[in-house]
1. So which residues in segment 90-106 are surrounded by 15 or more Cβ atoms within 10 Å (Cβ to Cβ) and either under 9 Å from residue 29 (Cα atoms) or over 16 Å from the mean Cα position of the chain (by Cα) (or both), if there are any at all?
2. Identify the residue in segment 22-41 that is farther than 22 Å from residue 87 by Cβ and surrounded by 13 or more Cβ atoms within 10 Å (Cβ to Cβ) and, among all such residues, is farthest from the chain's Cα centre (by Cα).
3. Which ones in segment 10-41 are assigned to a strand (DSSP E or B) and under 30 Å from residue 76 (Cβ atoms)?
4. So, in segment 58-89, how many residues would count as being surrounded by 12 or more Cβ atoms within 10 Å (Cβ to Cβ) and on the phi > 0 side of the Ramachandran plot?
5. Are there any pairs with C-beta distances below 7 angstrom linking a residue in segment 38-63 that is touching a residue at least 60 places away in the same chain (Cβ under 8 Å) to a residue that is assigned to a loop (DSSP other than H, G, I, E, B), with the two at least 6 apart or on different chains, and if so which?
6. Would you say residue 17 is modelled with pLDDT under 95, at negative phi, exposed (fewer than 13 other Cβ atoms within 10 Å of the Cβ) and touching a helix residue (DSSP H, G or I) at 6+ places or on another chain (Cβ under 9 Å)?
7. Mind counting the residues in segment 45-85 that are part of a loop (DSSP other than H, G, I, E, B), touching a helix residue (DSSP H, G or I) at 6+ places or on another chain (Cβ under 6 Å) and at pLDDT 95 or above?
């Protein structure tokens, strides 16, 4: 039990369900905190509404995320039993290269016309 996170594409060919996840994370609470803030800002909904929901990412989101990763400035998670907040700094270091790989992939897919989706489940 805990926080599982996914990134995948939605294309006309993949339909409403989208493609299978291209990137997955487990208890990467700083990434989740970043995505929740983006979700709340964009939708006006509660961060908890992102659970089993979808966040359509834009190129500017990827630019901001990449800068935060490179600057070791992903937002701190204030807590959450399912998020693994107690080892969030270690997870951010462990996932750093993977996160940057995700940013490069997402940017390339967006430039090719695909829709990149972030989703989570806890």
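1. Matches in segment 90-106: 91, 92.
2. Here is the first cut: in segment 22-41, the residues farther than 22 Å from residue 87 by Cβ are 22, 38-41.
Next, only the ones that are surrounded by 13 or more Cβ atoms within 10 Å (Cβ to Cβ) stay: 22, 38-40.
Details: 22: 12, 38: 10, 39: 10, 40: 13 Å.
Ranking the qualifying residues of segment 22-41, first place goes to 40.
3. Residues satisfying the conditions are 23, 24, 25, 26.
4. 2
5. Qualifying pairs under 7 Å: 51/122.
6. Values: modelled with pLDDT under 95: yes; at negative phi: yes; exposed (fewer than 13 other Cβ atoms within 10 Å of the Cβ): yes; touching a helix residue (DSSP H, G or I) at 6+ places or on another chain (Cβ under 9 Å): no.
In short, no.
7. 2
The values are calculated or read from the model by the stated rules, or taken from the named source; none is laboratory data. Just so it is clear, the model here is predicted, and its values are computed rather than measured. In this analysis, Cβ positions are derived from the backbone assuming ideal geometry, glycine residues included, and neighbour counts consider all displayed protein chains.
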